[in-house]
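Report on one structure; see the data block that follows.
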Amino acid sequence: MSEAGIHFEFYRHLANAIDDQPRRNGTVFESIEPEYGNNIDGFADIVIFDANNDPVIVIEAKAPNGSNRSRQDIDPYAPKVIRQAFRYAGDIGAPYFATFNGDRLVVFDAYDEGIPLLQRSTKSYDISNLDAFAGTFLDEIARIRAGEAKWDADDDAFVERIKSLH
């Protein structure tokens, strides 16, 4: 599947999950925008907004296969991919960003003060069913915003990173 196919498929499932249940753990997800480019250089693949029209999370998708790209261009832990998503999150003021390759999604804290970008808090998810994952993802983002979710421990983050390479 192409990169556009991956992010539009995830967009569709997320939009349905927001329509079905916009309120999750104190957060009201109001809207979702694909190919968001307002006041930024480039286009963020997906941006989710809350009821105040504040950006909650930016999601940057990369094609996992069927592409001539190198492994580092599709790895959700690759510095280039992380920096691209972080730039979009910073440009629009989203507190979180995620990198996604169809099989794995990694959420990052965009404003982990005093921590270098590539060492920020992360939460990683293996995805086998995108439709089922969309609602879980929104629940998790709401829990993170409420301070009720735990970020991956450094050891777990390292293990997930190694697993993503295989």
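Give me the accessible area per residue for the chain, probe 1.4 Å, as a whole number in Å².
Working: 8340 Å² over 166 residues.
Heavy-atom SASA per residue in the chain reads 50 Å².
Quick check on the chain: helices-only [θ] at 222 nm, where DSSP H runs of length 4 and up contribute -39,500 (n - 2.57) each and the sum goes over total residues. Nearest 500, please.
Rounded to the nearest 500, it is -12000 deg cm²/dmol.
Once phi is turned into θ = phi - 60°, what whole-Hz ³J(HN,Hα) does the Karplus curve with 6.51, -1.76 and 1.60 give for every residue of the range 52-59, x standing for Gly and Pro?
Once θ is set to phi - 60°, the couplings for the range 52-59 become 8, 6, 8, x, 9, 8, 10, 10 Hz.
Want the number for Asp41 to Asp112: 0.36 nm per residue separation, take away the alpha-carbon distance, what's left?
Here the segment from Asp41 to Asp112 would lengthen by 23.3 nm.
If the only charges are +1 at each Lys and Arg Cβ and -1 at each Asp and Glu Cβ, what is the size of the charge dipole of the range 1-130 around the Cα centre, to the nearest 20 debye?
Magnitude of the dipole: close to 400 debye.
Name the long-range amide H neighbours of Val56: under 5 Å, sequence gap of 5 or more, or other chain; modelled H, no Pro or chain starts.
Here the answer is Ile48, Phe49, Asp50, since their amide H atoms fall under 5 Å of that of Val56.
So for the chain, averaging the separation of alpha carbon pairs under 8 Å that are six or more residues apart and normalising by length, what relative contact order in percent results?
It rounds to 20 percent for the chain.
Under a cut-off of 16 Å between alpha-carbon atoms, report the aspartates and glutamates in cross-link reach of Lys150, not counting same-chain residues fewer than 8 places apart.
Asp109, Asp112, Asp139, Glu140, Glu160
Could you derive backbone 3J(HN,Hα) for the range 85-93 from the dihedral phi with the Karplus parameters 6.51, -1.76 and 1.60 (θ = phi - 60°), listing whole Hz in sequence and x where the residue is Gly or Pro?
Running phi through 6.51 cos²θ - 1.76 cosθ + 1.60 with θ = phi - 60° gives 5, 4, 4, 4, 4, x, 5, 9, x Hz.
Thr122's amide H: which non-local residues (gap 5+, or another chain) put their own amide H closer than 5 Å, with H modeled 1.01 Å from N in plane and none for Pro or chain starts?
Long-range HN contacts for Thr122: Asp152.
The values are calculated or read from the model by the stated rules, or taken from the named source; none is laboratory data. Fair warning: this is a prediction, and the values are worked out from it, not measured in the lab. All Cβ positions, even for glycine, are placed from backbone atoms using ideal geometry, and neighbour counts span all protein chains on display. In case anyone asks, the SASA skips ligands and DNA or RNA and just uses the protein heavy atoms, side chains included. Shrake-Rupley method; radii C 1.70, N 1.55, O 1.52, S 1.80 Å.
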